[in-house]
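Computed from the coordinates by the stated procedures, all read-outs in this text should not be read as laboratory data. Because the structure is a prediction, the values reported are computed rather than measured. Glycine also receives a Cβ, built like all others from the backbone with ideal geometry; neighbour counts cover every protein chain displayed.
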Amino acid sequence: MNQFKLLKRLVVIYFKKALQQEIAFRFDFFVKILFTLLELAGSVGGILIIFSKVETINGWHFHETLVVTGMFLLIQNLKNLFIGPSLNGISGLDGELWTGRFDFTLLKPVPTQFYISIQKWSPLVIIDLVISMAVIAYALIQISTTVTIINIVAFIISIFISLTLLYSIMLALTSAAFWYLGTPLLWIFDSVIQMGRYPVKIYPTTFKFILTWVIPVGFMITIPAESLIGKVNLFEISGGILLAVFCYLISLMFFRRSIQKYSSASS
């Protein structure tokens, strides 16, 4: 219990520290709002252009696709809230592995994996989270979807799967930096996940399989959206749970093995 309280307090401390740093520059707040609106306009504008020419794409209507776009923004913003900044703080170009500061991280009296996952926050991303949830809510209202208890339970499970897969992949890519201090692989992943802006079900069969089971963008974005509009099935949920557990265990083992490979900057 004392260990849990310590870890919880650590999260609060780092969040407050990041918030103080961000609100110290008021102009950044307005720039952040502008950037958020431009990103939203780009995301929604893309599907508006597509659906101005067609009514459906492989059975997906405009507002159903808008739910997926909103879910993409939601997952991206959850990543940008702390997982992305924290892990980039390890493997980025100015990360701890490049500068040698990882020595001090290993000396801290907290679990290393936990610490590197919560050390940096971007509190203003909360604004983006609210906007992305508003997009999802608007789209659901427009398609007159009745959100049932089953939908809510499926959505909660799907979000758990999504975040577990997202974290597992990012942890594995961060761990790879212990072996290769070249191009930060998290940057490449940021590009790949962009394909989740649209439902993976609209892609050709082979590509859809890859984006669901190999690079699980579908499980991270499309399936949580489908759970809200009642399109998801039990097989996908069950498969997603197994895939998430498998990916997390593999990434955890790879991270621990990578830590053993690390050579101190002072050695």
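Brief remarks on what is shown
- Couplings 3J(HN,Hα) for the stretch 165-172, derived from phi with the Karplus relation 6.51 cos²θ - 1.76 cosθ + 1.60 (θ = phi - 60°), are 5, 4, 5, 4, 5, 5, 5, 5 Hz, where x marks Gly and Pro.
- Sequence-distant residues sharing a close amide H with TRP60 (under 5 Å, placed H): none
- Pairs of lysine residues in the chain that meet both criteria, 8 or more places apart or on different chains and Cα atoms under 15 Å apart, total 7.
- The 3J(HN,Hα) values that the Karplus relation (6.51, -1.76, 1.60; θ = phi - 60°) gives for the stretch 249-257 are, in residue order, 5, 5, 5, 5, 5, 5, 5, 5, 5 Hz. Gly and Pro appear as x.
- Simple Cβ-charge dipole of the stretch 22-85, Lys/Arg +1 and Asp/Glu -1, about Cα centre, in debye nearest 20: 100
- The Cα-based radius of gyration and maximum Cα-Cα distance (Dmax) for the chain are 19.6, 63 Å.
- Computed label-point distance, nm, for sites ILE156 and LEU234 using a 7 Å Cα→Cβ extension: 1.9
- For the chain, the dipole from Cβ point charges (+1 on Lys and Arg, -1 on Asp and Glu) about the Cα centre works out to 680 debye, to the nearest 20.
- Note, ³J(HN,Hα) from phi for the stretch 115-123, Karplus 6.51, -1.76, 1.60, rounded to Hz, x at Gly and Pro: 4, 5, 8, 10, 6, 10, 10, 10, x
- Spin-label proximity, ALA41 to the stretch 127-145 - amide N less than 20 Å from point 7 Å beyond Cα toward beta carbon: 127-136
- Efficiency of FRET between THR56 and GLN194 - r from beta-carbon atoms, R0 25 angstrom, step 0.05: 0.65
- Highest-first arrangement of 146-158, 58-70, where packing means the average Cβ count within 10 Å: 58-70, 146-158
- The stretch 148-210-the stretch 57-131 distance, computed between alpha-carbon centres (Å): 12
- Remark: the ASN2-TYR180 segment gains 60.4 nm on full extension, using 0.36 nm per residue and subtracting the alpha carbon distance.
- Amide H contacts under 5 Å for VAL232: SER227, restricted to partners 5 or more places along the chain or on a different chain, H placed in the peptide plane at 1.01 Å from N.
- Angle in degrees between helix 26-51 and the longest Cα principal axis of the chain, rounded to the nearest 10: 40
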